[in-house]
Amino acid sequence: METKNKMAETETSDPLLKLFYESFHLKNLYRQGWLKRGIPKEKCESVADHSFGVVLMSFMIAKEHFPELDISKLMKLALIHDLPEVFTGDKTPSDNVTPKQKELSESKAFRRLFSGFKDADEYQKLWKEYSKQSSAEARFVLQIDKLEMALQASIYEKTTKHDLQEFYDSVLSVITDPKLRKILHNITSERSSL
């Protein structure tokens, strides 16, 4: 089910400007998993903050450790991976949304975001590649998405003294690449003692 986000509704005839107005609302959409665990709103990362982290980490880690990956495709996938949340909101496992429901809702939101673009099919194809995890680059970005979450959990543990072990546990099941697991190990070994 698609969530109606009044803030994301924008009236303009220019599809590019409409996309910018709508996607910039991600700066004010806080990551719900952190809020639900007691991270104060004033310290909570937004979806836009998270997306920036995923883009930066995807670029730097791929450049350093994965030269076989297509950097251009990585950047596109990392940039778009959370755009549908403009309309769907930031769903967490506790929202009891099935993977199929989430995929349908996000796909609909993605089509809505890119309606009016001459290359809408190309953008939709890119989104499907990420959501279906049908390329090495899509699988990499998903793992980086989780790695960013572990890094953010580490930051919150140091700055708010929350125990966020459950986030590390959930990341462990997704990160399968040995090089990325080493980075995750380095993040977890930096955790402050609670």
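The values are calculated or read from the model by the stated rules, or taken from the named source; none is laboratory data. Given the structure is predicted, the values throughout are model-derived calculations rather than measurements. Heads up, the Cβs are rebuilt from the backbone with ideal geometry, glycines too, and the neighbour counts pull from every protein chain shown.
Just a few scattered comments:
- Positions within the stretch 161-179 being among the β-branched types (Val, Ile, Thr) and surrounded by fewer than 15 Cβ atoms within 10 Å (Cβ to Cβ), in sequence order: 176
- Counted residues, the stretch 176-190 - those being outside any helix (DSSP H, G or I) and more than 19 Å from residue 45 (Cβ to Cβ): 2
- Taking the listed residues 189, 131, the one that is under 23 Å from residue 68 (Cα atoms) and among the small types (Gly, Ala, Ser) is 131, with no other qualifying.
- Odd one out for residue 134 among (1) small (Gly, Ala, Ser); (2) within 20 Å of residue 43 (Cα to Cα); (3) loosely packed, with under 15 Cβ neighbours inside 10 Å; (4) at pLDDT 95 or above: (2)
- Every residue from the stretch 90-125 that is hydroxyl-bearing (Ser, Thr, Tyr) and in contact (Cβ under 8 Å) with a residue 40 or more places away in the chain: 92, 94, 105, 115, 123
- One residue stands out among those in the stretch 146-175 that are part of a loop (DSSP other than H, G, I, E, B), in contact (Cβ under 8 Å) with a residue 12 or more places away in the chain and within 18 Å of the chain's Cα centre (by Cα): the one that is nearest to residue 66 (Cα to Cα), which is 175.
- Candidate set from the stretch 62-100 (those that are of a type in the set (D, E, K, R) and assigned to a loop (DSSP other than H, G, I, E, B)); member that is surrounded by the fewest Cβ atoms within 10 Å (Cβ to Cβ): 68
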